[in-house]
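Beneath this line is the structure, given in structure tokens, with notes to follow.
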Amino acid sequence: MPPLHILILERDPARLDELLGLLRAAGHRAAAAPDAAAAAMAIGVPGFDTLVLDLAVPDIDLASLRQALAPSDPAEPASLAEAERRHIALTLRHTDGNKRRAATLLGISRSTLLNKIRKYDLMERSR
């Protein structure tokens with residue numbers, strides 16, 4: 001199973017450190033949200049697979065969080081180039097940066113994948 005990207009919003013610093021440590025030790029990429037507003041903004045952007053949320057966080061706005069998780073107005077579809085970029089980035093993350101395996105999963109040659117990595121500026125995100 002590939003590592004998950006996990007966002008954590010936790011008010012107890014000791015519990016937050018424990019969660020971050022456990023998740024990272026298990027091979028996942030865990031990050032802490034500094035506050036509820038940052039968590040709501042982060043989950044609206046592709047990149048995190050899971051949200052761990054302390055519902056007792058004082059400044060949490062459940063209505064905004066609900067809207068970020070399930071917007072009532074569907075987002076405008078991404079361009080084909082953006083969809084391709086996002087799919088390649090997710091595939092590279094799934095293969096932990098292994099370009100040969102990513103190219104196989106995508107059904108393209110490794111050289112085509114390398115060209116697309118350069119085109120979409122995914123160099124730092126892959127190995």
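Data for the structure
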quantity: Unique residue being in contact with an Asp or Glu (Cβ under 8 Å, 6 or more places away or on another chain) and either surrounded by fewer than 11 Cβ atoms within 10 Å (Cβ to Cβ) or aliphatic (A, V, I, L, M) (or both) when the list is L80, L4; calculated: L4
quantity: Matching residues, the stretch 33-51, being touching an Asp or Glu at 6+ places or on another chain (Cβ under 7 Å) and not in a helix (DSSP H, G or I); calculated: D35
quantity: The one condition in (1) of a type in the set (A, V, I, L, M); (2) farther than 18 Å from P3 by Cα; (3) surrounded by 12 or more Cβ atoms within 10 Å (Cβ to Cβ) that A32 fails to fulfil; calculated: (2)
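Coordinate-derived values only; no laboratory data. What you are looking at is a predicted structure, and each value in this text was computed from that prediction instead of being measured. Cβ: placed from backbone, ideal geometry, glycine included. Neighbour counts: every protein chain shown.
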